[in-house]
Amino acid sequence: MNLTDLCKRSLFWVLFILGLSGPLHAEETEARRILSKLILAHSEEQQAVTEELYDHGDQIIKEVIEGWRIGKVSVFDQDGNPIALLKRGEDSYEEISSGNSFLRGSESKINRASRKLRKKLRNVVDFLDLSSNDPRERIDAAMKLGLTQKPDYVEVLQERINRQKDSEVKEAFEVALNISLLKNSDSSQKLQAVKDLGESASFPARDFIEALRVEASESDDDGASDLEEACAVALEKIDSEQKRVEFYGSLLRGLSTGSVLLLVSYGLAITFGLMGVINMAHGEFIAIGGYTAYVVQGIFASTYGIGSSGYEWYFVLALPASFFVTAFFGILLERGVIQFLYNRPLESLLATWGISMIIQQVIRLKFGAANVAVSSPQWLFGSYEFYRVSMSYNRLFLIAFALFVIIATWLLLNKTSWGLHIRATMQNRRMASSLGIKSSRVNMMTFAYGSGLAGLAGAFLSQIGNVGPSMGQTYIVDSFMVVVVGGVGNLLGAALSSLGIGVIDQGLQPLLGPVMGKITVLFAIILFLQLRPGGLFPARTRSLDD
């Protein structure tokens, strides 16, 4: 390598390192300046300098204070100019004021904070997140301080309320302050705090207000009765709001549960409802969809690396892959077995049950008997809150996709020539064949589509729980139940019954518990079928005409 190449390469690495490091942002730069000033200041000046840290929320403050507490902060005298250092590794130091590495830290003198200063620095750490750039961190920090009801935090919360520009953050600070005032104020302030907490219907304040109500009921002080009455009114408002949130939360959870049932049962509504085929391997098709998502995730992980931006989009490809892979296996099953068993329900039930056992064993041989995990992409993490009702993005995406499946299937069956052929074949196969419709091809494609929907269900179930060889067996009974309740052969009925069963199930569970809620739903379904044996929308099937 000649000198020119060496210079070029050296320049490249210098620019590369500078590009990676980048300048410190203004907030961190100012925090580092104050920290360095604090460490190097005389003991009588340190208390005043500490006050400057209260308005900063950069995490470097927490790192340096923690390092100072355990003896990782030292001072190096560089030609009469003291420099504050933070020990980062065995032999590595960092200049606190600039963040740059420092090579001669071993010659520095360890600096220790006094006991009085350490107490004040603990308060700085406690209040650190109150100045965070993240609104959610500020809300959590304010509520954490308010719930302690420590008198030292009242003044801090009062002073910081008017600084908050975000209305949600400001409201959280006010709630935290009022909770603290329930213990650290006079009777008039407590009365006003109770009223304010009642108006905001603060759930975290409920237990504190209840304790204050009991205390007021046992007190003979003037104004105790007014305080007790205000507490009762506030508790009523909070409980009313809590019931509203629980109702809509149960409704959304029911829609989510119903969406899972819809995706699981919609394929069965086609293969069993429209075609009249009792496919006991439907649960294994769900498992195939889940394992397809697992394989796609593995491919993206090995290609792009876990956590990369490319890896985050694996689920977008996993959905169509699950559909087409499972549809392919559906074609194999229909061509290999089902086509010989139309109008022979007992034989098709036994044959598909045996095939389901074979598929389960093949999956165990390939992937093992233990369940495997499929991680959710980052864009499906988190939750959306609307009027205090929280719903995870994962569940919202599931509901939206279930609606998409309903619309797509309806358009496919009612607005395409293939859908016309399906309906004609399912209603009267002989007549359809006499009109030139290739019923065998229609049967194959219809069964493949129903199987593909089962694969989609498996892909989504992989985001809710683990993937295993028998994961689909959990839903097979519920799937048949949904199809029968909706009306055999009626896809709209299957959609309505799945959503209805999901909502009713989630609505009963908080009242009766998971087990009794499930039993009650099953009993209600049995009673409903006694009254309407044909389900919500009784429909004629192909078997009635053959």
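Taking residues in segment 340-360 that are assigned by TED's automatic domain parsing to the domain that holds residue 473, and partners anywhere that are acidic (Asp, Glu) and at pLDDT 85 or above, the pairs with Cβ atoms closer than 7 Å and at least 6 places apart or on different chains are 341/347; 356/284; 359/284; 360/284. Is it the case that some residue within segment 498-505 is touching a residue at least 12 places away in the same chain (Cβ under 8 Å), under 19 Å from residue 271 (Cβ atoms) and assigned by TED's automatic domain parsing to the domain that holds residue 365? So far as segment 498-505 goes, yes, one or more of its residues are touching a residue at least 12 places away in the same chain (Cβ under 8 Å), under 19 Å from residue 271 (Cβ atoms) and assigned by TED's automatic domain parsing to the domain that holds residue 365. Taking the numbered list (1) out of contact with any Ser or Thr (no Cβ under 8 Å at 6 or more places or on another chain); (2) among the β-branched types (Val, Ile, Thr); (3) surrounded by fewer than 21 Cβ atoms within 10 Å (Cβ to Cβ) in turn, residue 139 passes all entries but (3).
Can we say residue 210 is outside the structural domain of residue 452 (by TED's automatic domain parsing), under 26 Å from residue 172 (Cα atoms) and surrounded by fewer than 24 Cβ atoms within 10 Å (Cβ to Cβ)? When the stated conditions are applied, residue 210 passes them.
In segment 515-528, the residues that are in the same structural domain as residue 478 (by TED's automatic domain parsing) reach residues that are among the acidic types (Asp, Glu) and part of a helix (DSSP H, G or I) with C-beta atoms within less than 7 angstrom, at least six apart or across chains, in these pairs: 517/505; 518/505; 521/505. The condition of being modelled with pLDDT of 85 or more and over 35 Å from the mean Cα position of the chain (by Cα) holds for only one of 338, 399, that being 338. Restricting attention to segment 153-189, report how many residues are surrounded by 19 or more Cβ atoms within 10 Å (Cβ to Cβ) and of a type outside the set (A, V, I, L, M). Number of matching residues: 7. Being without any contact (Cβ under 8 Å) to a residue 12 or more places away in the chain and either surrounded by 14 or more Cβ atoms within 10 Å (Cβ to Cβ) or closer than 13 Å to residue 447 by Cβ (or both) holds for only one residue in 330, 310, 336, and it is 336.
Just checking, does segment 156-173 include any residue being part of a helix (DSSP H, G or I), over 21 Å from residue 126 (Cα atoms) and among the basic types (Lys, Arg)? For segment 156-173, residues part of a helix (DSSP H, G or I), over 21 Å from residue 126 (Cα atoms) and among the basic types (Lys, Arg): absent. Being modelled with pLDDT under 75, within 30 Å of residue 144 (Cβ to Cβ) and buried (at least 17 other Cβ atoms within 10 Å of the Cβ) holds for only one residue in 128, 86, and it is 128. Yes or no: residue 247 without any contact (Cβ under 8 Å) to a residue 24 or more places away in the chain, surrounded by fewer than 22 Cβ atoms within 10 Å (Cβ to Cβ) and of a type in the set (Phe, Trp, Tyr)? For residue 247, the condition - without any contact (Cβ under 8 Å) to a residue 24 or more places away in the chain, surrounded by fewer than 22 Cβ atoms within 10 Å (Cβ to Cβ) and of a type in the set (Phe, Trp, Tyr) - is met. Considering each residue of segment 208-222 in turn, none proves to be in a loop (DSSP other than H, G, I, E, B), modelled with pLDDT of 85 or more and more than 19 Å from residue 135 (Cα to Cα).
Yes/no matrix, rows are residues, columns are (1) among the small types (Gly, Ala, Ser); (2) surrounded by fewer than 17 Cβ atoms within 10 Å (Cβ to Cβ); (3) within 23 Å of residue 479 (Cβ to Cβ):
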position	(1), (2), (3)
291	no, no, yes
296	no, no, no
326	no, no, yes
351	yes, no, yes
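The values are calculated or read from the model by the stated rules, or taken from the named source; none is laboratory data. Predicted model, so just to flag it, every value in this text is computed and none were measured. Positions of Cβ are backbone-derived with ideal geometry, glycine not excepted, and every protein chain shown enters the neighbour counts.
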